[in-house]
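Trainee: Would you mind keeping the following structure in view while I ask a few things?
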Amino acid sequence: MNILHIDSCALGDYSTSRQITSAAIAALTAANEQASVLYRDLAASPLSHASGPLLQVISQRWDADIPMNAALRAEALQSASLLQELQDADVVVLGAPMHNFSIPSTLKAWMDRLLELQIAAGQPQADLQLVLVTAGCTVMGLQSEESLLDNHEMQLKAAFDFMGVHRLHVVRNMADLASALEFQYAA
């Protein structure tokens, strides 16, 4: 089993989403001794935000008559590598907390690349499980916190559904984690 573990919260070890993704990885690897984990921390090693030229290259809309510089070529290769990581995964454990009413910008940069590559490829993602950890999304003092979190999750679900990821398990807290990981034992 190949597991892709992605964290995106900038709060480090104090982040609830990081604590839950770590617990998910521990449970998955304990249940499968053959599991290999690839870890990507988007907060510690952020990707650049997708520029117009980068989006043109990865979506295969680049004018071949225009010379491509080395930095842009490297960004395009890195984007292809990110897609390969996702395609190679059987399970993705993704920490996607709400930050200032949206996903962290580092996660948005990752998703922008994958969505553009998905459009260019025109084929759905292989059948993988996605454990989406949205924990740590409290917005202090707002009565609409639940609806904000519902909207946050709905947008993420829509993006992953577009990429062909249909087996998605949302985790808001440690209590949700056990039921989200039941897929591991249901086979």
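Trainee: If you check ASP13 against the conditions, is it among the acidic types (Asp, Glu) and within 19 Å of the chain's Cα centre (by Cα)?
Mentor: yes
Trainee: Looking at (1) assigned to a helix (DSSP H, G or I); (2) surrounded by fewer than 16 Cβ atoms within 10 Å (Cβ to Cβ), which is the one condition that is false for TYR39?
Mentor: (1)
Trainee: Quick one: in the range 42-68, which of the residues that are of a type in the set (S, T, N, Q) and within 26 Å of GLN19 (Cα to Cα) is surrounded by the most Cβ atoms within 10 Å (Cβ to Cβ)?
Mentor: Only one residue tops the list, namely SER48.
Trainee: Condition first: out of contact with any strand residue (DSSP E or B) (no Cβ under 9 Å at 6 or more places or on another chain) and closer than 14 Å to LEU54 by Cα. Now tell me which residues in the range 106-118 satisfy that.
Mentor: ALA109, MET111, ASP112, ARG113, LEU114, LEU115, GLU116, LEU117
Trainee: State the number of residues belonging to the range 8-36 that are loosely packed, with under 15 Cβ neighbours inside 10 Å and closer than 14 Å to ALA178 by Cα.
Mentor: Final tally of qualifying residues: 3.
Trainee: Does the range 121-140 hold any residues that are more than 14 Å from ILE6 (Cα to Cα) and modelled with pLDDT of 80 or more, and which are they?
Mentor: LEU128
Trainee: Residue under question is ALA74, and the condition is that it be part of a helix (DSSP H, G or I), more than 19 Å from MET163 (Cα to Cα) and touching a residue at least 40 places away in the same chain (Cβ under 8 Å); does it hold?
Mentor: It is false that ALA74 is part of a helix (DSSP H, G or I), more than 19 Å from MET163 (Cα to Cα) and touching a residue at least 40 places away in the same chain (Cβ under 8 Å).
The values are calculated or read from the model by the stated rules, or taken from the named source; none is laboratory data. Note that this is a predicted model, so its numbers are computed, not measured. For neighbour counting, all protein chains shown are included, and Cβ atoms are generated from backbone atoms with ideal geometry for every residue, glycine included.
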